Amino acid sequence: MRKPFVAGNWKMNTDSQSSVNLAGGIASGSSEVAGRGVDIAVFPPFVYLPSVIKALNMANIAVGAQDVYFEQNGAFTGEISVSMLKDVGCTYALCGHSERRHVIGETDELINKKVAAAISGGLLPVLCVGELLEERKASQTNEVVTRQVQNGLAGLSVEKVSAVTIAYEPVWAIGTGLTATPEQAQQAHELVRKLLAEMYDDQLAEEIRILYGGSVKPENAAELMRQQDVDGSLVGGASLKTDDFLAIIQAAL
Ligand code: PEP
């Protein structure tokens, strides 16, 4: 049985005060359920990671980074390593979020290096995959998602891949107010789970959590997460509002 997992990606939002307020509100509002019925994580901007971790005050809420670099240290101006993230108390890192793929231009190859480095250094990667609107319209969803999962996990053993969470996030649904129907989400999640069984084995495929992301809100969260292969949500916009994020957490129970 996979425990639900609800994660909030704050993207390039909040400031030093509002990030701490948001973290504090989530911690106090989820204290009854955090880590018990549902795993919870937040992904603040890099610069607010230490203060958010402090504000969470040992609440059972994990913290992750929105990105990570694959090299360990050295002349990589602007990048942040796995060990730096571990050093400040991060548990997770997003790898290959659609905004990094399509705005910053990250490739599957780079994302694979990030996933591999995160696992080797003891961070749990959340590998984000999902098709563009034109790809869905051209019936290429399965092909794109398959390629992103295969390339994102290339070269990783079954033991290493067990550290991964996958987030299926159709790009046309991210930040647009459009949401995949529960059936569309289930179809893509089932595809990913079957693919993992083919690439690795049934046990791994059964154990890995696959989150849905794309305009998840309190109003649609329960129905999406009720789908058999949808194990939780990666939430963007709604994770910036304490009450909305708490309502999505409740919907996962
Ligand atoms: C995201 O950032 O991963 C996301 C799904 O954003 P939103 O919920 O705003 O669509």
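Here are a few things to note about the model shown:
- Cα-centred dipole magnitude for the chain, charges only on beta-carbon of K, R (+1) and D, E (-1), debye, nearest 20: 420 debye
- For the chain, average projected area of the Cα convex hull in nm²: 12.2 nm²
- For residue 124, distant residues with modelled amide H under 5 Å away: 92, 93
- Using a probe of 1.4 Å on the protein chains alone, the accessible area found for residue 176 is around 80 Å².
- Value of Rg to Rh for region 1-62 (Rh from inverse mean 1/r over Cα pairs, i.e. Kirkwood): 0.97
- Helix runs (DSSP H) in the chain reaching 18 Å along axis by Cα, Kyte-Doolittle at least -1.0: 16-29, 108-121, 182-199
- Most fluctuating residue given options 134, 106, 206, as computed from a GNM of the chain linking Cα atoms under 10 Å: 134
- Segment residue 16-residue 77, length gained on full extension (0.36 nm per residue, minus Cα span): 19.6 nm
- The string of couplings for region 64-78 from the Karplus curve (6.51, -1.76, 1.60, θ = phi - 60°) is x, 9, 7, 6, 7, 9, 8, 7, 7, 5, x, 7, 9, 3, x Hz, one whole number per residue in order, with x for Gly and Pro.
- Surface share of carbon and sulfur [accessible, 1.4 angstrom probe, percent] for the chain: 50 percent
- For the peptides 198-204, 231-237, residues were scored by their other Cβ atoms within 10 Å and the scores averaged per peptide; the highest-first order is 231-237, 198-204.
- For region 188-253, accessible area per residue (1.4 Å probe, heavy atoms of protein chains only), Å²: 42 Å²
- Burial order of peptide ranges 208-218, 16-26 (average beta-carbon count within 10 Å, highest first): 208-218, 16-26
- Restricting region 61-102 to GluC sites (Glu not before Pro) that sit in a DSSP loop and have at most 14 other Cβ atoms within 10 Å of their own Cβ leaves 71, 79.
- Positive minus negative residues near residue 29 (Lys, Arg vs Asp, Glu; Cβ under 13 Å): -2
- Cross-link partners of residue 137 among lysines, defined as those whose alpha carbon lies under 28 angstrom from its own and excluding same-chain residues fewer than eight positions apart: 11, 194, 217.
The values are calculated or read from the model by the stated rules, or taken from the named source; none is laboratory data. Since the model is a prediction, treat every value here as computed from it, not as a measurement. Neighbour counts are summed over all protein chains in view; Cβ atoms, including those assigned to glycine, are modelled from backbone coordinates with ideal geometry. For accessibility, only protein heavy atoms count, side chains too; no ligands or nucleic acids. Shrake-Rupley method; radii C 1.70, N 1.55, O 1.52, S 1.80 Å.
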